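Trainee: Below are the structure tokens for one structure; questions will follow.
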Amino acid sequence: MLFRRAVLAGLSALVLAPLAASAADLPDLGGKTVVVVTENAYPPLQFVDPKSGQAIGWEYDAMNEIAKRLNFKVEYQNTSWDAMIQAVSDDQYNLGMTGITIKDDRKEKVDFSDPYMRSEQFMLVRGDEARFTDAKSFAALTDGLVGAQPGTSPFYTAVYEILDGNEQNPRIKLFETFGATVQALKAGDVDLVLTDSVAAKGYVDASQGGLKVVGGALGAEDFGFIYPKGSDLVQPINAAIAALKADGTFDALNKKWFLDYKMGE
């Protein structure tokens, strides 16, 4: 219930409402192709289904619906998180999506959409972890290790909210992808992974007791799509985001991916 309360409280609280903007009211992008890059390592936002081998998730469903309403075609490509923001900034892709937190320093490189989701960070640990129960007790565990990706919100949360503010702290072990940090946690190579409620719920549900969350939320984050600076996609997609919030589409996706979908089933 912790995850359901956290996710539903942080996500849209809107109920089904009359359609605020029909397809006829939204901009028509004339069937153009939009190249969208993602990481496919952030369930249930986007990930590779272990059964079908297909890339699926909340963001895929949302982007496909946005494309339908705005009349554009989507070409999906994949890259690592640490390369994504710079690649979009360099105009290698038209849009990036992987639960990207809207932050002022990132706005210097890319443009953001309006927020499509709000989430909170939690401490993901092994299911049998008993040495610490919150950020303070983890900090006191001097041999405890954190797995993180460089440049991400969890990395800075570990540095400045849990540890000593030293970005070179040897207790932080860096990995290229979020999925790799979780694998290291499962293997016992690190003791803690900081992530938001979105990814935490997906991994806990799939772990069959192998993973759990300890402590309370460490802060809230708004997620947005990213674009090269000056992109003409920002306003049309913002209009579509507003429409999908207003007509209950995002509520339906929240239910599908955060409540009904079970990883590994």
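The values are calculated or read from the model by the stated rules, or taken from the named source; none is laboratory data. The structure presented is a predicted model; accordingly, all values stated were derived computationally and were not measured. Quick reminder, even Gly has a Cβ in these numbers, built from the backbone with ideal geometry, and neighbours come from all protein chains shown.
Trainee: Taking the condition farther than 22 Å from residue 134 by Cβ and surrounded by fewer than 16 Cβ atoms within 10 Å (Cβ to Cβ), does residue 161 pass?
Mentor: No; evaluated as a whole, the condition is false for this residue.
Trainee: Among the residues of region 124-140, is any without any contact (Cβ under 8 Å) to a residue 40 or more places away in the chain and assigned by TED's automatic domain parsing to the domain that holds residue 32?
Mentor: Checked against the condition, which is being without any contact (Cβ under 8 Å) to a residue 40 or more places away in the chain and assigned by TED's automatic domain parsing to the domain that holds residue 32, region 124-140 yields no hits at all.
Trainee: Restricting region 164-192 to residues that are part of a helix (DSSP H, G or I) and aliphatic (A, V, I, L, M), which is farthest from residue 133 (Cα to Cα)? Quick ask: steps written out before the conclusion?
Mentor: So in region 164-192, the residues part of a helix (DSSP H, G or I) come out as 178-187.
Adding the requirement that they be aliphatic (A, V, I, L, M) leaves 180, 182, 184-185, 187.
Values: 180: 23, 182: 18, 184: 20, 185: 16, 187: 20 Å.
Filtering first and then ranking leaves 180.
Trainee: Also: Go through 222, 232, 191, 251 for me and flag whichever is surrounded by 20 or more Cβ atoms within 10 Å (Cβ to Cβ) and more than 13 Å from residue 154 (Cβ to Cβ).
Mentor: Being surrounded by 20 or more Cβ atoms within 10 Å (Cβ to Cβ) and more than 13 Å from residue 154 (Cβ to Cβ) holds for just one of 222, 232, 191, 251, which is 191.
Trainee: Restricting to region 106-134, count the residues that are of a type outside the set (Gly, Ala, Ser), assigned to a loop (DSSP other than H, G, I, E, B) and surrounded by 18 or more Cβ atoms within 10 Å (Cβ to Cβ).
Mentor: Of the residues in that region, 3 qualify.
Trainee: Which condition number in (1) surrounded by 14 or more Cβ atoms within 10 Å (Cβ to Cβ); (2) of a type outside the set (Lys, Arg); (3) over 17 Å from residue 43 (Cα atoms) is the one that residue 206 fails?
Mentor: (3)
Trainee: I need the full set of residues from region 196-206 which are in a helix (DSSP H, G or I), out of contact with any helix residue (DSSP H, G or I) (no Cβ under 7 Å at 6 or more places or on another chain) and not aliphatic (A, V, I, L, M), in order please.
Mentor: Within region 196-206, 202, 205 qualify.
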